[in-house]
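The values are calculated or read from the model by the stated rules, or taken from the named source; none is laboratory data. Please read all numbers here as calculations on a predicted model, not as lab measurements. Positions of Cβ are generated from backbone atoms using ideal geometry, with glycine treated the same way; all protein chains shown enter the neighbour counts. Ligands, DNA and RNA are stripped out before the accessible areas are found, and what is left, the full protein with its side chains, is counted by its heavy atoms. Shrake-Rupley method; radii C 1.70, N 1.55, O 1.52, S 1.80 Å.
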Amino acid sequence: MSDVRITVQRGQQAEERVVRTGTTAADLFSGERTVIAARVSGVQRDLSHPLAEGDVVEPITVDSPDGRAIVRHSCAHVVAQAVQEIFPKAKLGIGPPIQNGFYYDFDVERPFTPEDLKAIEKRAQEIIKAGQRFSRRVVTEEQAREELADEPYKLELIGLKSSAGSDAEAGVEVGEGELTIYDNLDAKTGELCWKDLCRGPHVPTTRHIPAFALTRTAAAYWRGDERNPQLQRIYGTAWESREALKAYQHQLAEAEKRDHRRLGAELDLFSFPTEIGPGLAVFHPKGGAIRRVMEEYSRQRHIEAGYLFVNTPHISKAELFQISGHLDWFAEGMYPPMQLDGGTDYYLKPMNCPMHILIYRSRGRSYRELPLRMFEFGTAYRYEKSGVVHGLTRVRGFTQDDAHLFCTREQLPTELDKVLKFVLGLLRDYGLTDFYLELSTRPEGKAVGTDEEWAEATELLREAAGKQDLELVLDPGGGAFYGPKISVQAKDAIGRTWQLSTIQVDFQLPQRFDLTYQAADGSRQRPFMIHRALFGTIERFFAILLEHYAGALPPWLAPVQVVGIPITDEHVPYLDEVAAKLTARGLRVEVDSSDDRMQKKIRTAQKQKVPFMLLAGDADVAKGAVSFRFRDGSQRNGVPVDEAIALITGAVDRRIQVLTADDLA
């Protein structure tokens, strides 16, 4: 038997080895229990994959991002097997891994009940303990159709195999290359227990799924299209250890307490009236107060940074979006056109950039005007599918704090650095501090421009990111159709990651709109364009802050900053005078003059998460003082009114969080 030469890669360390022909990745990492798959010459493979001459082999451990995804996908197969054993008539949809878990879609006679979910989880646990072996098998299209003749959704995927590489979900099942089926084989007899169309890879056996739980069920349209049948989806999560699973479940429980939809109702901030439609929020007075403060502070910082404010309409003729390319690349995310003015198509705008470009193009520009930084709180509309609309985090009508910068090639590196520093600084002011950056590159098959233009833009973003002293993660194929982007990823108080600001370099739209400026030598040159949304959308950032702070916003953002609570009705006029002084300093103040007892007034203010409660009784009135009460129940008594005002305004001006008496020290 001949030998083959391979390289074992572990991080930056590479070790060349000579192994026997037929050696598998499992042989290579024998004894390393945390290794559940391998990356062979850049492609994820099962451990049973035989190695060939020149292969570079990297272990994939169960606790790595790729390892977790493989465990979760394998667990989705186990759950599907359990479903079909309990519900033999169930038809299989798809079952991809997703962030922190997985799902599998089924066509069943009725929706799953909580009791069904318990039974499915119990049977899945039994399958895991049985140690069934995942075995990959290459099949022809004819063989696949014959074996899966009773699975109509799998047959549809087989027909999509030539294009499924561009469909992230279908790509889990089939791709542009060979078709494969994974068999689940009995650990002792090798008999077939179950099978599924799948690209893989998978863990070696079901016992390599250390910990899992099913979380919920939902209805979902086949392949996310409302014109398709509605299936039943089972969500689950799987982790590398029971401890990791428990930690995630604790995070889920905490996230439920912080759900912005619940807090929005409890704190009377916003709602989604059914008369208006899904994904279209209305902000109540308290929610409007928070938005106003968010926008005013952002506006102030933008003015200081040299941005010029513009305003644009909500609707445009189709011609604008034909020039920009949005109708070619983004039409499915836009609302249908309205035919006006004798049959002319008008669209609600999905983005603000084309209109900002028209402002730039409205007259001749000189190099002396560059960089030109335009900014707008621009409202846009996107027709999100009903299944993905979610509170304020995924809406159909939204406002972006949208900026577009026009500059010369020489100014581009400096502008990108300035934009990133500005974005990160402003996000820190809102209380987010734990960041990393993600660089999204050219999406295959959905991009305009040359390879050289994309390479240059990507490298410029990479250089700008490198100056921020933050981790940079690559997101292959995640860019917009007109250019690569950097997104700021932030962790919240319970460790969840949110995508926030995006910064994109655009070589394409200046060409499509024929933008120019007069250079110092008198020639006409093409400007470069930077797209930048700091909050993403105000609605989504509002939701993130609400969940980050669990509704207890820092005083500068709180809708009501101070509530006056009288001991008796006789003390209301005194607190009204204190409130007037606070209002004159720009603070948002209420005095609770209701018929409720003082203790109930305190409980009401605490439920509303008001930062400062000012209590007043006879002793306080006599001394010209108030008693502070804080959100945690701690108290500071007999504080002179002027000192109290100074303490509150100081906390607001410094934008600090105040939960206890000690925070105000």
**Item:** Those GluC sites (Glu not before Pro) in segment 1-90 that DSSP places in a loop and that have at most 16 other beta carbons within 10 Å
**Value:** Glu32, Glu53
**Request:** For segment 301-323 and segment 477-499, write down the distance between their C-alpha centroids in whole Å.
**Result:** 23
**Message:** As a test question: what accessible area, to the nearest 10 Å², does Thr660 have when a 1.4 Å probe is rolled over all protein chains in place?
**Reply:** 40
**Asked** Which distance in Å, rounded to a whole number, links the C-alpha centroids of segment 373-442 and segment 545-559?
**Response** 21
**Asked** When the chain is fully extended, how far beyond the present Cα-Cα distance does Thr568 get from Asp27, taking 0.36 nm per residue of separation?
**Response** 186.8 nm
**Complete:** Accessible-area order for His49, His202, largest to smallest, probe 1.4 angstrom, reads His49, His202
**Message:** Leaving ligands and nucleic acids out of the surface, order Ser30, Ser316 by accessible area at 1.4 Å, largest first.
**Reply:** Ser30, Ser316
**Request:** Please arrange Asp663, Asp328, Asp183 by accessible surface area, largest first, computed with a 1.4 Å probe and ligands excluded.
**Result:** Asp328, Asp663, Asp183
**Message:** Suppose the chain between Thr344 and Arg207 were pulled fully straight at 0.36 nm per residue; how much longer would it get relative to their current alpha carbon spacing?
**Reply:** 43.1 nm
**Distance in nm between pseudo-label sites at Ala665 and Leu472 (7 Å out along the Cβ direction from Cα)** = 4.3
**Complete:** One finds, for Ala305 and Asp576 with R0 = 25 angstrom and r their Cβ-Cβ distance, a FRET efficiency to the nearest 0.05 of 0.05
**Request:** With an 8 Å cut-off on Cα pairs and a minimum separation of 6 or more residues, tell me the relative contact order of the chain in percent.
**Result:** 8
**Asked** Pairs Lys118/Lys491; Lys122/Lys195; Lys349/Lys485; Lys154/Lys485: which exceed 25 Å Cα-Cα?
**Response** Lys118/Lys491; Lys154/Lys485
**Message:** As a test of the formula, what do you get for the chain when each DSSP H run with n ≥ 4 contributes -39,500 (n - 2.57) and the sum is divided by the residue count, at 222 nm and rounded to the nearest 500 deg cm²/dmol?
**Reply:** -10000 deg cm²/dmol
**Message:** Can you compute the modelled spin-label distance between Glu444 and Asp3, with each label point 7 Å from Cα toward Cβ, in nm?
**Reply:** 3.6
**Message:** Can you pull out the trypsin sites (Lys or Arg not before Pro) in segment 401-507 whose DSSP state is coil and whose Cβ has at most 15 other Cβ atoms within 10 Å?
**Reply:** Arg409, Lys446, Lys467
**Fill in**
For the chain, percent of DSSP beta bridges that are antiparallel (nearest 5) comes out at 85
**Prompt:** Computed from these coordinates, which is Rg and Dmax of the Cα atoms in Å: (1) 25.1, 88; (2) 30.4, 95; (3) 29.3, 100?
**Reply:** (3)
**Complete:** Looks like segment 301-407, by Cα gyration tensor root eigenvalues a ≥ b ≥ c and the a/c under 1.5 rounded cutoff (else prolate when a/b is bigger than b/c, oblate otherwise), is oblate
**Asked** How many nm separate the modelled label positions at Lys89 and Glu254, each set 7 Å beyond the Cα in the direction of the Cβ?
**Response** 4.5
**Complete:** DSSP beta bridges in segment 482-618: the antiparallel percent, rounded to 5, is 60
**Prompt:** Of the trypsin sites (Lys or Arg not before Pro) in segment 204-245, which ones lie in a loop per DSSP and count no more than 16 other C-beta atoms within 10 Å?
**Reply:** Arg227
**Asked** Between Ile276 and Ala219, what length comes free when the chain is fully extended (0.36 nm per residue of separation minus the Cα-Cα distance, one decimal in nm)?
**Response** 18.2 nm
**Item:** Positive-end residue of Trp194, Gln251, Thr274, charge dipole of segment 171-278 with Cβ unit charges
**Value:** Gln251
